[in-house]
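A.B. asks: Here it is: the structure, laid out below.
Every number in this text was worked out from the coordinates using simple rules, so none of it is lab data. Since the model is a prediction, treat every value here as computed from it, not as a measurement. Counting neighbours? That spans all protein chains shown, and the Cβs are built from the backbone with ideal geometry, glycine included.
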Amino acid sequence: MGVPKRKASKQRGRQRRAVNMKIEAPALVECPQCHALIVPHHLCPECGYYKGREAVATK
């Protein structure tokens, strides 16, 4: 079984965890009705449409 020759520092562990902590921008798609940018699989807040039909009446 492998045994470490030297003690691994605390910084190495923190760096290893920090590598995976990155923020990503949300994926946005264009609404087919009003062409506003929306989150996929969500109701369009601008026009109230979802999957080509009106889900919520807007003013």
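A.B. asks: Sticking with the crude label model, points 7 Å out along Cα→Cβ, report the distance from residue 35 to residue 18 in nm, one decimal please.
C.D. replies: Placing both labels 7 Å beyond Cα along the Cβ direction yields 4.4 nm.
A.B. asks: Where Lys and Arg each count +1 and Asp and Glu each count -1, what net charge lies around residue 49 among other residues with Cβ under 15 Å from its Cβ?
C.D. replies: With Lys, Arg at +1 and Asp, Glu at -1, the neighbours total 0.
A.B. asks: For residue 59, list the lysines whose Cα falls under 19 Å from its own Cα; do not include residues on the same chain fewer than 8 positions away.
C.D. replies: Filter leaves no residues.
A.B. asks: Less than 24 Å apart at the alpha-carbon level, and either on another chain or at least 8 residues along: which lysines does that give for residue 10?
C.D. replies: The reachable lysines, counting only those whose Cα sits under 24 Å from residue 10, are 22.
A.B. asks: Which value, in debye to the nearest 20, describes the size of the charge dipole of the chain about its Cα centre when Lys and Arg Cβ atoms bear +1, Asp and Glu Cβ atoms bear -1, and nothing else is charged?
C.D. replies: Dipole size: approximately 1140 debye.
A.B. asks: What angle, in degrees between 0 and 90 and rounded to the nearest 10, separates the Cα long axis of helix 10-19 from the longest principal axis of the Cα atoms of the chain?
C.D. replies: 20 degrees
A.B. asks: Starting from the alpha-carbon convex hull of the chain, give the projected area averaged over all orientations, in nm².
C.D. replies: Result: 8.0 nm².
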